[in-house]
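Report on one structure; see the data block that follows.
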Amino acid sequence: MGALKIKTKKFMDALTELSTDKGVTEERIKEAMIEAFNRSLIRLLKPVKKVVKVVNENGDSIEFEDPKVETVLGSKEIEFYQIKTVKNDKEITDDVLEIELDDAKVFDPKAEVGSEVKIPIDIQENESIGFINSFQSNFKKCLEKEEGDVLYEAYKDKIGTLVTGIIDRVEEKSISVILSSNGKQNIVVAPKR
């Protein structure tokens, strides 16, 4: 089985088209895409804890942090990394967040205790469907937030003013209205409004 490879060029082409369609800048779409990838990576890496409370040997309750991740839009492929803190072997309490010094030196020969190391993540074929589905769901949410921010900025000075628009489509739980004269800015409102 091979690792999932995502070509940067295809994503950047889609990003440009999406920017034009949604009226959101390419930079904001890129940020939304990276945030969605990072959320999906955390979901992939985060161990599932089936216990409500975990206690260490001293009786202290342990809080589990999300793994640190980074998505890099490389020139040819999108690269994914997990970031771990380097510790001495006996100090490691969470192998999702921490790595032993000798293991860290495999990824960064200059690693030292207390530093952070970027570890490449290879998403295997058996994980790729769940990862891509998670990404799509997260990206949709992130993109909707960016669209909402753009609309807010465009219309915040018109609060209390009557604006006209064209109903684009009516669905069971929402109505899509085209507000601007160029036909680019849609707003989705709940039928209650």
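The values are calculated or read from the model by the stated rules, or taken from the named source; none is laboratory data. This structure is a prediction, so every number in the text was calculated from the model and none was measured. Note that each Cβ is placed from the backbone with ideal geometry, even for glycine, and that neighbours are counted across all protein chains shown. Heads up: the accessible areas ignore ligands, DNA and RNA and are worked out on the full protein's heavy atoms, side chains in. Shrake-Rupley method; radii C 1.70, N 1.55, O 1.52, S 1.80 Å.
Structure notes:
- Verdict on Val72 being without any contact (Cβ under 8 Å) to a residue 12 or more places away in the chain, within 19 Å of Glu31 (Cβ to Cβ), open to solvent by less than 50 Å² (accessible area, probe 1.4 Å) and aliphatic (A, V, I, L, M): yes
- All positions within segment 159-183 that are at pLDDT 80 or above and part of a strand (DSSP E or B): Ile166, Ile167, Asp168, Arg169, Val170
- The number of residues in segment 149-162 that are closer than 28 Å to Glu31 by Cβ and either touching a helix residue (DSSP H, G or I) at 6+ places or on another chain (Cβ under 9 Å) or not aromatic (Phe, Trp, Tyr) (or both) comes to 9.
- Single residue of Lys118, Lys105, Lys145, Lys140 found to be of a type in the set (Lys, Arg), open to solvent by 80 Å² or more (accessible area, probe 1.4 Å) and farther than 26 Å from Ala32 by Cβ: Lys105
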